[in-house]
Amino acid sequence: MLETDICILGAGPGGATAALHLANAGQPCLLLDRATFPRDKVCGDALSGKVLVELKRIDAALPARLQALPTQVPSWGIDFYAPNGRKLAVPFRYNYNPATDPAAGHISKRIDFDNFLVEQVRQRPEIDFREGVDVAATEPQPDGRWLLKTADGTPVAVVRLLLVANGAQSGFARQIAGHALEPAHHCAGLRAYYRGVRGLHPDNFIELHFIKDFLPGYLWVFPLPNGEANVGVGMLTEAVSKKKVNLRKRLAEILATHPALKERFADAERLGPVRGFGLPLGSRRRALSGRNYLLLGDAASLIDPFTGEGISHAMVSGRHAADWASRALAAQDFTPAFLRGYDAAVYNRLGQELRLSRAMQKLLDYPWLFNFVANRAARNPTLAETLSMMFLDLDMRARVRQPSFYLKLLFGGK
Ligand SMILES: Cc1cc2nc3c(=O)[nH]c(=O)nc-3n(C[C@H](O)[C@H](O)[C@H](O)COP(=O)(O)OP(=O)(O)OC[C@H]3O[C@@H](n4cnc5c(N)ncnc54)[C@H](O)[C@@H]3O)c2cc1C
């Protein structure tokens, strides 16, 4: 059986990022995943600008390497469809020029993006990466270490510090860290791949459709390489059960009947099954660490409650987890009090954004407000510019949260 100081459970974006930062610091670690890569993960596959920032922090050459891959497309903005059907085109950069400006976002199937990260992992001798290892049990030892076992009880490793990055269904997060699934802070999602969807934006704008009788849920269409598209729906789990929504049925109905979508999907072919997965939202602050462990990414419930973005947040937590793992080893201190520094570092970086997005998420309860902003923006270039800058500038997002923003819109001419 292996004995190690640091073990990372899960080699998705959170776990792989932590392993790579540890390797950069010269710190060996064990990285375990039950899957064998490349592997699929149910996701919208949209990579925000923050993903590129995090890749650069791992290795300055990584963003260019990702951008050169034929398995991704660059994206220049978002087309929002308000409940009244009006389209609001919001480029990530106002007045962008696709020939000269770098794209702010990218879209890549997770089977490819996660494998891109794992390929970096495979090149690092500091990382002992083992695939096909399903860790079914984690048992605390009297000295604080964790004994990891497979489902048949076979011991896998004894570890000093466990970095838990095993995703939205993490048994460790539920049973040991005490993060129960909270329907008010959890989203249900479905994803399907299609070929032949008509009318995708030439600059690969991602589409978010807020449909009147499907709120507070939304539907997305994200362009992919080779004329494919990632199509899915998401809705707060609380709303799914309260309204007794059958998401699969609704997705099929909307694509077949919605005036803005039915023509576009008339000749589209679905590739493979419609697959579902949960999104643990970061709309409530939780403890991210405890005795001899840190929680990362979805296991720490860090997904943006408005945009559903979780890849970059998992990577941010991976970077801080590597830092705090090194600090804990140097200090030989794995107590909850010491490791709480990790919680502070993660929320310091993501807390304000998560709070703002929580406020934006609430806007979905007011479709009229949404319609109003969409109507106004269609005629008001200043507003369109503000909304576009919101994606790059957090202060702009804070403005949209203020009542004065809407008053100015109402009375401010144009
Ligand atoms: C429908 C849907 C749409 C989404 N759309 C987007 C989007 O467009 N953009 C975005 O940024 N985010 C999106 N997200 C969120 C994003 O998918 C997650 O936030 C992200 O994958 C979190 O990364 P992670 O490393 O924490 O976990 P994961 O990517 O889930 O990786 C966890 C890893 O742990 C492994 N594992 C699990 N259990 C065990 C075990 N017992 N033993 C060993 N290994 C184990 C798994 O095999 C997996 O490789 C979406 C999520 C859903 C469900």
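The values are calculated or read from the model by the stated rules, or taken from the named source; none is laboratory data. Just so it is clear, the structure is predicted and the values come from calculations on it, not from any experiment. Reconstructed Cβ throughout: ideal geometry from the backbone, glycine too, with neighbour counts over all protein chains shown. To get the accessible areas, we keep the full protein, side chains included, count just its heavy atoms, and leave off ligands, DNA and RNA. Shrake-Rupley method; radii C 1.70, N 1.55, O 1.52, S 1.80 Å.
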- Task: Set Lys and Arg Cβ to +1 and Asp and Glu Cβ to -1, take the dipole of segment 259-310 about its Cα centre, and tell me which of Leu294, Phe306, Gly278 lies farthest positive.
- Result: Leu294
- Query: So what J values fall out for segment 18-28 if you push phi through Karplus, 6.51 cos²θ - 1.76 cosθ + 1.60 with θ = phi - 60°, rounded to Hz, Gly and Pro as x?
  - Reply: 4, 4, 5, 5, 4, 4, 4, 8, x, 9, x
- Query: From the residues Pro216, Phe172, Val42, which one has its Cα farthest along the dipole of the chain in the positive direction, the dipole being from +1 and -1 charges on Cβ of Lys/Arg and Asp/Glu about the Cα centre?
  - Reply: Pro216
- Taking 0.36 nm per intervening residue step and subtracting the Cα-Cα distance, what contour gain separates Ala330 from Thr100 on full extension? 78.2 nm
- Among Phe372, Phe172, Phe37, residue whose mean-square fluctuation peaks in a GNM of the chain (springs only between Cα atoms under 10 Å): Phe372
- Item | Ellipticity estimate at 222 nm from DSSP helix runs (n ≥ 4, -39,500 (n - 2.57)) divided over the chain, nearest 500 | -11000 deg cm²/dmol
- Taking the chain as the reference, fit the longest principal axis to its C-alpha atoms, fit the long axis of helix 49-58 to the helix C-alpha atoms, and give the angle between the two in degrees, 0 to 90, nearest 10. 20
- Given springs between every Cα pair under 10 Å in a Gaussian network model of the chain, which of Asp114, Asp101, Asp128 has the largest fluctuation? Asp101
- Theoretical gain in end-to-end length, Ala266 to Ala137 [0.36 nm per residue, Cα-Cα removed]: 41.7 nm
- Task: Evaluate the relative contact order of segment 203-359 (contact order divided by residue number), counting alpha-carbon pairs under 8 angstrom at least 6 apart; express in whole percent.
- Result: 15
- Query: Karplus couplings for segment 276-285 from phi (6.51 cos²θ - 1.76 cosθ + 1.60, θ = phi - 60°), rounded to Hz, Gly and Pro as x?
  - Reply: x, 6, x, 10, x, 7, x, 7, 9, 6
- Message: I need the semi-axes of the equivalent ellipsoid of segment 1-73: take the C-alpha gyration tensor, multiply each eigenvalue by 5, square-root it, list largest first in whole angstrom.
- Response: 24, 17, 10
- Message: Relative contact order of the chain, please, whole-number percent, based on alpha carbon pairs below 8 angstrom and at least 6 residues apart.
- Response: 21
- Message: Just the number please: accessible area per residue for the chain, 1.4 Å probe, all protein chains included, in Å².
- Response: 43
- Note on the structure: One finds the C-alpha centres of segment 94-108 and segment 157-186 to be spaced, in Å, by 36
- When the label point is put 7 Å from the Cα of Asn226 along its Cα-to-beta-carbon vector, which residues of segment 58-75 have a backbone N closer than 20 Å? 66-75
- Item | Top of Lys56, Lys109, Lys243 by mean-square fluctuation, Gaussian network on the chain, Cα under 10 Å | Lys243
- Where N is the number of residues in segment 280-378, Cα Rg divided by 2.2 N^0.38 Å: 1.34
- Message: Based on the alpha-carbon set only, what is the convex hull volume of segment 141-274 divided per residue, in Å³?
- Response: 173
- Query: Using 7 Å Cα-to-Cβ label points, what is the Asp128/Lys244 separation (nm, one decimal)?
  - Reply: 5.4
- Note on the structure: So the number of lysine pairs in segment 39-111 with alpha-carbon atoms under 25 angstrom apart, 8 or more residues apart or on different chains, is 5
- Message: Explain nothing, just the number: dipole magnitude of the chain about its Cα centre with +1 on each Lys and Arg Cβ and -1 on each Asp and Glu Cβ, in debye rounded to the nearest 20.
- Response: 1400
- How large, in percent, is the carbon and sulfur part of the accessible surface of the chain at a probe radius of 1.4 Å? 53
- Could you check how many percent of all C-alpha pairs in the chain are farther apart than 28 Å? 49
- Where the only charges are on Cβ atoms (+1 Lys, Arg; -1 Asp, Glu), what is the dipole of segment 112-203 about its Cα centre, to the nearest 20 debye? 180
- Task: Quick one, can you get me the convex hull of the C-alpha atoms of segment 1-148 expressed as volume per residue in Å³?
- Result: 159
- Query: Among the aspartates and glutamates, which fall within straight-line cross-link reach of Lys212, defined as a Cα-Cα distance under 12 Å, with same-chain neighbours fewer than 8 residues apart omitted?
  - Reply: Asp365
